[in-house]
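Chemist: Below is a structure I'd like to ask you about.
The values are calculated or read from the model by the stated rules, or taken from the named source; none is laboratory data. The structure presented is a predicted model; accordingly, all values stated were derived computationally and were not measured. Methodologically, a virtual Cβ is constructed for each residue, glycine included, from the backbone with ideal geometry; neighbour enumeration extends over all protein chains shown. We work out accessible area using only protein heavy atoms, side chains counted, and drop any ligands, DNA or RNA first. Shrake-Rupley method; radii C 1.70, N 1.55, O 1.52, S 1.80 Å.
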Amino acid sequence: MAMTYQVDEKGYYGEFGGAFIPEMLYPNVEELRAHYLDIINDSSFQKEFHDLLKDYVGRPTPLFEAKRLSEKYQTQIYLKREDLCHTGAHKVNNTIGQILVAKKLGKNKIVAETGAGQHGVATATVCALMGLECIVYMGAIDIERQAPNVARMRMLGAKVVAAQSGSKTLKDATNEAMRHWINNPVDTHYIIGSVVGPHPYPDMVARFQSVISEEIKAQLTEKLGRNYPDYVLACVGGGSNAAGAFYHFLDEARTQLIAAEAAGQGVGSGHSAATTFLGKSGVLHGSKSLLMQTEDGQVIEPYSISAGLDYPGIGPMHAHLFKTGRAHFYDITDEEALASALELSQLEGIIPALESAHALAVLPKLQAKPHEVVVINLSGRGDKDLATYQQRLNLL
Ligand SMILES: *Cc1c(COP(=O)(O)O)cnc(C)c1O
């Protein structure tokens, strides 16, 4: 039987995935699992989803031939411009999909967790659009560190609640959002922001983000008369933009799938978020995957210059793609990402998000040939990272 990279009926990608949840969360997750495919595959849902992607998000996003970057690396480079999505990144593709699912399930309240605030903003945005109540849990320390995104969420009408437990960061916000969902199972849907969490979240989020590779296929066909690239590059935090960019090429053997993880100050430095290099099998946020942990199973605090990649695990689909060798993983340091962000800005006039700059930083290591086609998923724009660029690239 051919190897499959899709989720199986029990919610597994090979040995990874599943739903490891407290019993009190079971009814909520089971309600979603039982209905999500019927809801998503319904034609009225598809129409509403695609109408919003077109008129609200601004899809299809362009596939841009980066000529000066191609010249430099002596290959054919195309950028998938997710940075041009409304709100400035791919995350909104997922929150639009999930809020429509929530409405079909009869929920009128949304809860979410956020670390740096990007997923919180994408969630608050669609809640305003649909008139649903929005509560976002955020670590108390993150609220201080990410003031502009807190202001955005509040301006959009969301209630931002500080998680005061533990290290007062993302994992504590996740715990409190889960607790909120357990206590409000009937009227509330929990919007998870990446291809992580218990089944069916990784599969549901991957399906919503798969619009990225669906468009790449059509756009390459139109531009080059071939419907696959030789390489697709994407950064991996939890892995949603990569899942979307890989999705329709998972079974296309001619396409190499390339993932960039944040090495932070280096994989051996103790300040890193390169999960496939440092991680071991374990359970995090409701699914089995690879995660960074100590010998006795304590989660290790990750580090990256890029808030969106600062996560101690990866989604189960990516753990499987890594384990089977279907995707190749590169570890990219803060310095390499900064250099690539500067390079793209000055060669193409596009300032990328720091996360996306990790994918760009694979280019010098890839050694693609002149006739080969390389698609890089530019997951977001760099406006949110300007303070870091100013400081680290001496722009003041
Ligand atoms: C959040 C974020 C990421 C990382 O999340 P994934 O789920 O791995 O895609 C990457 N790029 C940008 C711009 C982000 O905001």
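Chemist: May I ask you to list the residues in region 1-19 that are within 21 Å of the chain's Cα centre (by Cα) and of a type in the set (A, V, I, L, M, F, W, C)?
Modeler: Within region 1-19, V7, F16, A19 qualify.
Chemist: Same structure, new question: Within region 169-232, which helices (runs of 4 or more DSSP H) (wholly inside it) include 3 or more residues that are open to solvent by 10 Å² or more (accessible area, probe 1.4 Å), at negative phi and modelled with pLDDT under 95?
Modeler: Once the helices (runs of 4 or more DSSP H) in region 169-232 are filtered for at least 3 residues that are open to solvent by 10 Å² or more (accessible area, probe 1.4 Å), at negative phi and modelled with pLDDT under 95, what remains is 170-183.
Chemist: Look at region 173-213 and say how many of its residues are over 16 Å from the mean Cα position of the chain (by Cα), among the charged types (D, E, K, R) and under 27 Å from Y311 (Cα atoms).
Modeler: Matching residues across region 173-213 total 2.
Chemist: Report, by residue number, each residue of region 120-141 that is within 14 Å of the ligand (Cβ to nearest atom) and either surrounded by fewer than 24 Cβ atoms within 10 Å (Cβ to Cβ) or within 23 Å of D51 (Cβ to Cβ) (or both).
Modeler: Matches in region 120-141: V121, A122, T123, T125.
Chemist: Which of the residues spanning region 98-119 are away from the ligand (no atom under 14 Å from the Cβ), in a helix (DSSP H, G or I) and of a type outside the set (A, V, I, L, M)?
Modeler: K103, K104
Chemist: Still on this structure: Would you mind finding the one in I305, I300 that is within 15 Å of the ligand (Cβ to nearest atom) and among the β-branched types (V, I, T)?
Modeler: I305
Chemist: I would also like to ask the following. What's the total number of residues in region 340-358 that are within 16 Å of the ligand (Cβ to nearest atom), in contact (Cβ under 8 Å) with a residue 40 or more places away in the chain and more than 22 Å from S194 (Cβ to Cβ)?
Modeler: Total meeting the criteria: 2.
Chemist: Right, here's the next one. Within region 249-298, count every residue that is surrounded by fewer than 23 Cβ atoms within 10 Å (Cβ to Cβ), more than 23 Å from E15 (Cβ to Cβ) and among the hydroxyl-bearing types (S, T, Y).
Modeler: Looking only at that region, the number is 2.
Chemist: I'm told L32 meets every condition in (1) in a helix (DSSP H, G or I); (2) open to solvent by less than 10 Å² (accessible area, probe 1.4 Å); (3) in contact with a helix residue (DSSP H, G or I) (Cβ under 7 Å, 6 or more places away or on another chain) except one. Can you identify the failing condition by its number?
Modeler: Tallying (1) in a helix (DSSP H, G or I); (2) open to solvent by less than 10 Å² (accessible area, probe 1.4 Å); (3) in contact with a helix residue (DSSP H, G or I) (Cβ under 7 Å, 6 or more places away or on another chain), L32 fails exactly one: (3).
Chemist: Take the residues of region 359-379 that are within 22 Å of G244 (Cα to Cα) and polar (S, T, N, Q): which is farthest from the ligand (Cβ to nearest atom)?
Modeler: N377
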